[in-house]
1. Rg and Dmax of segment 35-75, using alpha carbons, in Å: what are they?
2. Taking every DSSP beta bridge that has both residues in the chain, what percent is antiparallel when rounded to the nearest 5?
3. Compute the acute angle (0 to 90°) between the alpha-carbon long axis of helix 15-32 and the principal axis of greatest extent of the alpha-carbon atoms of the chain; round to the nearest 10°.
4. For a quick check, take a GNM of the chain with Cα springs below 10 Å and name the residue from GLY108, GLY56, GLY35 with the largest mean-square fluctuation.
5. Considering segment 89-172, what Rg and Dmax in Å follow from its alpha-carbon atoms?
6. In which sequence would HIS5, HIS97 go, from the one with the fewest C-beta neighbours within 10 Å to the one with the most?
7. Mind pulling the per residue volume of the convex hull built on the Cα atoms of segment 43-137? Å³ is fine.
8. Using only Cα atoms, figure out Rg for segment 1-71 and give it as a multiple of 2.2 N^0.38 Å.
Amino acid sequence: MSDLHPDLARILISEADIQARVGELADQIAQDYAGVERVYLVGILKGAFIFLADLGRKLSVSHTVDFMALSSYGKRGALGGEVRLIMDLREPIMDEHVIIVEDIVDSGRTLAYLQKSLSGRGPASLRTCAIVRKQRREVNLTVDYLGFDIPDVWVVGYGLDFADKHRTLPYIAELKPEAYA
Ligand code: PRP
């Protein structure tokens with residue numbers, strides 16, 4: 001594609017494919033939570049803000065949103081990083097039907113940390129949703145609502161960044177190795 005940024009090798013998932021899949025995930029969630037008073041979407045910053053906005057706008061069941069911010073050392077390729085809580089939820093989630101919304105599951109450490117932390121707060125139910133999941137995983141966990149499985153390459157766009165760049169691209173693209181070398 002001629003107008004691709006020089007940092008990018010190729011588009012992995014197009015905008016149209018993302019939007020179609022987000023619609024399917026929203027339909028599936030609406031079906032699964034039919035009859036529930038409300039769903040509680042917890043977006044993980046920064047990466048999940050775009051996916052959460054699209055998912056929420058396509059979701060036909062009543063829902064509310066809140067956010068957490070986490071960070072971990074040794075991200076993206078390095079092993080053994082420790083997850084740190086930067087910003088917590090504003091409200092308790094006791095008796096709520098919570099869905100954690102993530103942009104990416106990479107090592108799985110962030111999601112594992114969140115599942116442990118949030119399940120201890122007494123939600124009525126707790127599920128997970130991510131737009132992409134890499135093959136490489138240190139932690140084995142279930143993603144209840146998954147957009148796409150992707151190869152172990154550095155990806156940007158649709159919330160995903162490299163050094164805070166390329167986050168707002170409407171598609172998901174592979175970064176050239178020389179861009180992060
Ligand atoms: C990314 C992403 C997930 C996490 C997944 O966040 O948003 O939260 O990494 O990685 P893991 O499965 O290896 O734990 P990042 O720390 O890059 O922060 P950001 O969303 O603010 O860019």
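Every read-out reported here was derived from the displayed coordinates using simple, explicitly stated rules and does not represent laboratory data. All figures in this text were calculated on a predicted structure; none of them were measured in a lab. Because the Cβ atoms are built from the backbone with ideal geometry, glycine has one as well, and the counts that use them run over all protein chains shown.
1. Considering segment 35-75 through its Cα atoms, Rg and Dmax are 12.3, 42 Å.
2. Taking every DSSP beta bridge with both residues in the chain, the antiparallel ones total about 30 percent.
3. Roughly 20 degrees, rounded to the nearest 10.
4. GLY35
5. For segment 89-172, the Cα radius of gyration and maximum Cα-Cα distance read 13.9, 38 Å.
6. HIS5, HIS97
7. Per-residue hull volume (Cα only) is 96 Å³.
8. My calculation over the Cα atoms of segment 1-71 gives 1.36.
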